[in-house]
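Some notes on the structure that comes next.
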Amino acid sequence: MTPSDYDVAIVGGGLAGATLARSLAGSGLRALVIERVIAFKDRVRGEGMLPWGRAEATALGIDDLLDTAGAVEIRYWKRYIGGAPRDCRDLIETTPGRQGCLDFYHPAMQRQLLDAAEAAGAHVRRGVEFTAVECGSPATLRMRGAHGEERVTARLVVGADGRCSKVRTSAGFTVKRDEHSLMIAGVLHEGLKLPGNTVQYVQNPAEGRAALVFPLGEERFRSYFVYSSKNAPRTMSGNGHAGDFVTSCIETGAPAEWYENAEAAGPLAAYPGADTWVAHPYRDGVVLIGDAAAASNPAWGCGLALTLRDVRVLRDHLLANDQWDQAARAYAREHDAYYAALHRVQSWFTLLMYETGPAADARRAHVFPNLAREPARAPDMLALGPDTPSDEAARRRFFAEDVV
Ligand SMILES: Cc1cc2nc3c(=O)[nH]c(=O)nc-3n(C[C@H](O)[C@H](O)[C@H](O)COP(=O)(O)OP(=O)(O)OC[C@H]3O[C@@H](n4cnc5c(N)ncnc54)[C@H](O)[C@@H]3O)c2cc1C
């Protein structure tokens, strides 16, 4: 084996990169993380980890770190259709792991996990920007920091640099993208009149919109608004539009009193919601994880859980097989399978809940009463993620095609 500076060189110190670095360094491997940000601040990212992600967090041994970062367990998941309450699920009573959703402030989580990676022995370099990667054995990583241009070699370069990954482009992966035009806008709110143990999920399928609120503890909440860019009600980026954001959530069906004393405590930003992904996220010494491998539609809140699934699966293959080319290929094959399953199920929900027009209304008029009578017809994405059945029989059952 040709000598290399590191076993693994990871680009990005987010949930994916920091968690992987901590695990591998803790197992005695030489791990480097480069992160372009020196001090993390709010940039509107995922803060509600679904129950299926909790199982991954436990398998990766990061529960205590998330606790220390201020994570709070959210027991109830309350849904509304338009303005009317529809149901309120007790996640602790109804999930196999008997766990709720875990909410945390994203910058606090990143700081905690990256510090933990460093404490486990990873070489963490903040304020360093990725510039290019050359595939191979070893692979070469080029970067730019306070000391100018540098290069290092590693047995494996990991692209954990998020939904606009430059590692992905530089290594020549082909990016696929869903066609729908959903957008998601988010802002950190203080002063909402809402309980601290319940996710509020207001769906307005007739108009293809939704408003969500995730409690973060200490009277803070992450509010989201999901809408189609085709019939965007208003501009949703920039804090000058914080009032428009609230108006849009209320028009979607969220009670106005929730927001009476609302104050934006962070930036308001909107992002495209369509999935982006690569097939087989490994090639010749370069592997992708987290959003760089597949950024799933934030409207379904699975990104954090999917990211931890990637970290756990890649870690297990790398630690079990010293032939890392084989190990990374095995990860990529597994990723293709579980991401495809999740993507399939989410596309069904997107069709049912966000498609507008007469055909979509007719579909809902058939499916909703059947789901109300038999809730188990719906795939359990919250509890099981990609492990919920997603074959043709599951699809037919969800869309009540067995009922005339
Ligand atoms: C609006 C929105 C709402 C969301 N809501 C939810 C939710 O409720 N629940 C949920 O589960 N998921 C949600 N997600 C998804 C979730 O945020 C992501 O899946 C998760 O953050 C992915 O983690 P990551 O580590 O792969 O990427 P990131 O969190 O993006 O981290 C990437 C890191 O790489 C660094 N980086 C990037 N480029 C470079 C470079 N060139 N050089 C060096 N460093 C670099 C970045 O600074 C960053 O620290 C949401 C996403 C969005 C956009």
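The values are calculated or read from the model by the stated rules, or taken from the named source; none is laboratory data. As the structure is a computational prediction, the values presented were derived from the model and not from experiment. Glycine gets a Cβ as well: all are built from the backbone with ideal geometry, and neighbour counts include every protein chain shown. When the accessible area is computed, the model is the full protein with side chains, heavy atoms only, and any ligands, DNA or RNA have been set aside. Shrake-Rupley method; radii C 1.70, N 1.55, O 1.52, S 1.80 Å.
The requirement of being in a strand (DSSP E or B), away from the ligand (no atom under 11 Å from the Cβ) and farther than 30 Å from residue 222 by Cα is fulfilled somewhere in region 157-176, by at least one residue.
Filtering region 19-72 down to residues that are out of contact with any strand residue (DSSP E or B) (no Cβ under 7 Å at 6 or more places or on another chain) and under 22 Å from residue 139 (Cα atoms), which residue is nearest to the ligand (Cβ to nearest atom)? Once the filter is applied, the top-ranked residue is 19.
Looking at 285, 217 in this structure, which one is of a type in the set (Gly, Ala, Ser), assigned by TED's automatic domain parsing to the domain that holds residue 174 and more than 11 Å from the ligand (Cβ to nearest atom)?
Numbers: 217 fails: assigned by TED's automatic domain parsing to the domain that holds residue 174.
Step by step, each of 285, 217 is checked, and only 285 is of a type in the set (Gly, Ala, Ser), assigned by TED's automatic domain parsing to the domain that holds residue 174 and more than 11 Å from the ligand (Cβ to nearest atom).
For region 183-213: of the residues being in contact with a Gly (Cβ under 7 Å, 6 or more places away or on another chain) and open to solvent by 10 Å² or more (accessible area, probe 1.4 Å), which is farthest from residue 87 (Cα to Cα)? Looking at the filtered set, the residue picked out is 183.
Of the residues 376, 293, 362, the single one that is over 25 Å from the mean Cα position of the chain (by Cα) and hydrophobic (A, V, I, L, M, F, W, C) is 362. Residues in region 53-95 that are over 22 Å from residue 201 (Cα atoms), more than 17 Å from the chain's Cα centre (by Cα) and not in a helix (DSSP H, G or I): 61, 69, 70.
Note on region 20-47: residues that are modelled with pLDDT of 95 or more and within 17 Å of the chain's Cα centre (by Cα) amount to 1.
Determine, yes or no, whether residue 131 is of a type in the set (S, T, N, Q), surrounded by fewer than 17 Cβ atoms within 10 Å (Cβ to Cβ) and either part of a loop (DSSP other than H, G, I, E, B) or not assigned by TED's automatic domain parsing to the domain that holds residue 267 (or both).
Details: of a type in the set (S, T, N, Q): yes; surrounded by fewer than 17 Cβ atoms within 10 Å (Cβ to Cβ): yes; either part of a loop (DSSP other than H, G, I, E, B) or not assigned by TED's automatic domain parsing to the domain that holds residue 267 (or both): yes.
Here the answer is yes, as residue 131 does meet what is asked.
Touching a residue at least 60 places away in the same chain (Cβ under 8 Å) and either in contact with an Asp or Glu (Cβ under 8 Å, 6 or more places away or on another chain) or open to solvent by less than 40 Å² (accessible area, probe 1.4 Å) (or both), is that true of residue 142?
Values: touching a residue at least 60 places away in the same chain (Cβ under 8 Å): no; either in contact with an Asp or Glu (Cβ under 8 Å, 6 or more places away or on another chain) or open to solvent by less than 40 Å² (accessible area, probe 1.4 Å) (or both): yes.
For residue 142, the condition - touching a residue at least 60 places away in the same chain (Cβ under 8 Å) and either in contact with an Asp or Glu (Cβ under 8 Å, 6 or more places away or on another chain) or open to solvent by less than 40 Å² (accessible area, probe 1.4 Å) (or both) - is not met.
Residues that are in a strand (DSSP E or B) and open to solvent by 30 Å² or more (accessible area, probe 1.4 Å): does region 233-255 have at least one? No, there is no match, as no residue in region 233-255 is in a strand (DSSP E or B) and open to solvent by 30 Å² or more (accessible area, probe 1.4 Å).
Within region 221-242, residues that are within 16 Å of residue 44 (Cα to Cα) and touching a residue at least 24 places away in the same chain (Cβ under 8 Å) have Cβ atoms under 9 Å from residues that are surrounded by fewer than 14 Cβ atoms within 10 Å (Cβ to Cβ) and β-branched (Val, Ile, Thr) in these pairs: 241/235, counting only partners at least 6 apart in sequence or on another chain.
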